[in-house]
Ligand code: PAF
């Protein structure tokens, strides 16, 4: 496995792979890899001749009061996981390699980025779209793999690829959970023991919504209320949002008639966690 820090070095390697007719899978990450990332990597390895994993904590997608500085990092452990999963190349650039001092081109999107997490994280998705676009241009992969846990990010990237005619297939992969149901996330490491227990409220509350939908409820307000009421029973939890939206357009679903995304963002103490499920109709 090769560890590459510069865009030029990466391009030379990829160029040779292309000459050799090899298909390339790409897993963009911010590192601190867990089983959720591993599931993306496994899928990429099974579907491609070569797999690139990028590890880059992208400053542009963090707000001024967010956790850029404290975001967990452990490159040695990430390297071990990538080796174990037969990754061919890790791309680990410095911030200065990715952004010139006078960097001034942004990839912005309206609509899909203004709802759900976009409401409380203004400019977050502009940062995500810009860096993912750059990474797609740098790696020139055939397929890229993203987790369904970041459902809004996945929908936005699919839309960006469609709108900007980027020649890459976007593959969404299922949420990976701890045994007790908590969705895997690098940010789970911020939780102390009490908060870790309290964090179970996200998945448990979503399951109430899932049961209502399975039983035939189609009124989004009722589903939102049932989920919110259950989350509010947990003293350490503070709701950022609970919402039901169309799974492709992310537009508010009032009477649910097509496949919908039921998504929550909840502060457990100071840690903001997200979770969701898609209900297919
Ligand atoms: O999901 C993430 O880890 C990041 O948003 C991504 C896609 C790697 C862009 O920085």
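Observations on the model:
- Pairwise centroid distance, computed over Cα atoms, of the stretch 40-81 with the stretch 206-269, Å: 29 Å
- Estimated distance in nm for a label pair at residue 192 and residue 16, the labels positioned 7 Å out from Cα along Cα-to-Cβ: 5.2 nm
- Dividing the mean sequence gap of close Cα pairs (under 8 Å, 6+ apart) by how many residues the chain holds gives a relative contact order of 17 percent.
- Arranged from fewest to most other beta-carbon atoms within 10 Å of their beta carbon, 32, 99, 145 become 99, 32, 145.
- Prolate/oblate/rounded label for the stretch 1-47 (Cα gyration tensor, a/c 1.5): oblate
- Along principal axes, Cα extents of the stretch 63-179, largest first, whole Å: 40, 35, 33
- Normalised by the number of residues in the stretch 121-247, the average gap of Cα pairs under 8 Å and 6 or more apart makes the relative contact order 17 percent.
- √(5λ) per eigenvalue of the Cα gyration tensor, the stretch 188-257, largest first, Å: 25, 13, 10
- Computed label-point distance, nm, for sites residue 80 and residue 166 using a 7 Å Cα→Cβ extension: 3.2 nm
- At R0 = 35 Å, FRET efficiency that the Cβ-Cβ distance of residue 208 and residue 67 yields, to 0.05: 0.75
- Inverse mean reciprocal Cα-Cα distance (Kirkwood Rh) of the stretch 1-109, Å: 15.1 Å
- The chain: angle of helix 124-139 to the longest principal axis, Cα-based, in degrees nearest 10: 30 degrees
- Mean residue ellipticity (222 nm) of the chain, computed from DSSP H runs ≥ 4 via -39,500 (n - 2.57), nearest 500: -11500 deg cm²/dmol
- Relative to the longest principal axis of the Cα atoms of the chain, the long axis of helix 220-232 makes an angle of roughly 90 degrees.
- Efficiency of FRET from Cβ geometry, residue 177 and residue 6, R₀ 30 Å, rounded to 0.05: 0.25
- Stokes-Einstein D for the chain, Kirkwood Rh over Cα pairs, 20 °C, 1.002 mPa s (µm²/s): 109 µm²/s
- The stretch 88-160 - percent relative contact order, Cα under 8 Å, separation 6 or more: 33 percent
- Crossing angle, helix 75-84 versus the chain [Cα axis fit, 0-90 degrees, rounded to tens]: 80 degrees
- Ranked list, fewest to most other Cβ atoms within 10 Å of each Cβ, for 228, 110, 258: 110, 258, 228
- Cα gyration tensor, the stretch 133-281 - rounded (a/c under 1.5), prolate or oblate: oblate
- DSSP bridge pairs, the chain: antiparallel proportion in percent, nearest 5: 50 percent
Rule-based calculations on the coordinates, nothing more; no lab input. It should be emphasised that the depicted structure is a prediction, and the values quoted were computed from it without experimental measurement. All Cβ positions, even for glycine, are placed from backbone atoms using ideal geometry, and neighbour counts span all protein chains on display.
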